[in-house]
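The values are calculated or read from the model by the stated rules, or taken from the named source; none is laboratory data. Being a predicted model, the structure only gives us computed values, none of them experimental. Using ideal geometry, Cβ is built from the backbone for each residue, glycine included, and neighbour counts are taken over all protein chains shown. With ligands, DNA and RNA removed, areas are computed over all heavy atoms of the protein, side chains included. Shrake-Rupley method; radii C 1.70, N 1.55, O 1.52, S 1.80 Å.
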Amino acid sequence: MKKLGVNIDHVATLRQARGGLEPDPVLAALVCEMAGADSIVAHLREDRRHINERDIRILKQTLKTKLNLEMSIAEEIVKIACAVEPYQATLVPEKRKELTTEGGLNTVVYFNKIKCACSKLENQGILVSLFIDPDKKQIDAACKLGVRRIELHTGKYAGSKNENEQKIYLEELRTAADYAKAKNLRVFAGHGLNYQNVKQIAGIEEIEELNIGHSIICQAVITGLKQAVRQMKALI
Ligand code: PXP
């Protein structure tokens, strides 16, 4: 069975919609753990649109599993990560205007900047994973950077417009996972995975862990709504 990392960013998105304290992503993370999540993923974005420093500090203190901090290589964020010391840092590209992480980190173009961030994080004992496209050049550069973990971006596969396209992107992921595993990397995957498309990715042997957020939070809203309404109705 694959390991599941649950991304709780969108619980924080909902909190930010009212600017208050609820729903608390920390509480949500604990519920995910009780349901069997193997790790909790949270992205501290430079614009703090959902997760904030308080969240990752308390997550680090309270989680019984592992905190996987998604983050850019910006100096300010690296500094915070070094202070909080999550179990793992997953380095991702970040653009202010994007709705979600759009592509993998370009390990070839940003080699030196990534190297610098990796050294600082690793010096603090934080494991580093790179979120990259399923591409041999990116995997080779990840190896050169000395990291032992990568997360393959499944966004293209998830966004396929038809079965044929999906087959092509699935094969791309299979080939990349196989190539990376042969280079002794630990291989994870995520982005855009949902209840309809996850099975085929879960069938790729070399992939150890899937990191999933949006679809799980969406499902939770729908499946939890009936009980929430009933509870309110009983009160009034
Ligand atoms: N893995 C990484 C590196 C991501 O950036 C994201 C999105 O924050 C995910 C996994 C989860 O993607 P989704 O929310 O589409 O399941």
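For region 136-160 versus region 44-88, the inter-centroid distance based on Cα atoms is 21 Å.
Set the Förster radius R0 to 22 Å, insert the Cβ-Cβ distance between Lys161 and Cys218 as r into 1/(1 + (r/R0)^6), and round the FRET efficiency to 0.05. Calculated transfer efficiency: 0.60.
Remark: the Asp24-Glu205 segment gains 61.7 nm on full extension, using 0.36 nm per residue and subtracting the alpha carbon distance. In degrees, nearest 10, range 0 to 90: what is the angle between the Cα axis of helix 53-62 and the longest Cα principal axis of the chain? For 53-62 against the chain, the angle is about 90 degrees. When only alpha carbons are used to place a centre, region 165-236 and region 1-30 end up 16 Å from one another. The mean sequence distance of close C-alpha pairs (under 8 Å, at least 6 residues apart), as a share of the length of the chain, puts its relative contact order at 17 percent. Net charge in the neighbourhood of Arg186 (other residues with Cβ under 9 Å of its Cβ; Lys, Arg +1, Asp, Glu -1) is +1.
Peptide packing for 53-59, 36-42 was compared via the average number of neighbouring C-beta atoms within 10 Å per residue; ordered from the highest value, the list is 36-42, 53-59. Rounded to the nearest 10 square angstrom, Val31 shows an accessible area of 80 square angstrom against a 1.4 Å probe. If Lys and Arg each add +1 and Asp and Glu each add -1, what is the summed charge of the other residues whose beta carbon sits under 14 Å from the beta carbon of Tyr110? So the environment of Tyr110 carries a net charge of +2. Seen from every direction in turn and averaged, the convex hull around the alpha carbons of region 122-236 projects onto 10.2 nm².
Under the simplified labelling scheme, the Asp47-Glu122 pair shows an inter-label distance of 3.3 nm, with each label point 7 Å from Cα along Cα→Cβ. Which residue fluctuates most in the GNM of the chain (Cα springs below 10 Å): Lys226, Lys64, Lys113? With Cα springs under 10 Å in the chain, the top fluctuation among Lys226, Lys64, Lys113 is at Lys226. On a per residue basis, the convex hull of the C-alpha atoms belonging to region 74-138 measures out at 96 Å³.
Compared with the dominant Cα axis of the chain, that is its longest principal axis, helix 111-123 is turned about 60°. Seen against the Cα atoms of the chain and their longest principal axis, helix 25-34 is set at about 80 degrees. Secondary-structure-derived ellipticity at 222 nm for the chain, considering helices only, amounts to -15000 deg cm²/dmol, per-run term -39500 (n - 2.57) for DSSP H runs with n ≥ 4.
Using a 10 angstrom cutoff on alpha carbons, build the Gaussian network for the chain and name the most mobile of Cys118, Cys218, Cys82. Among Cys118, Cys218, Cys82, the largest GNM mean-square fluctuation belongs to Cys218.
Based on the reciprocal of the average 1/r between different C-alpha atoms, the Kirkwood radius for the chain equals 18.3 Å.
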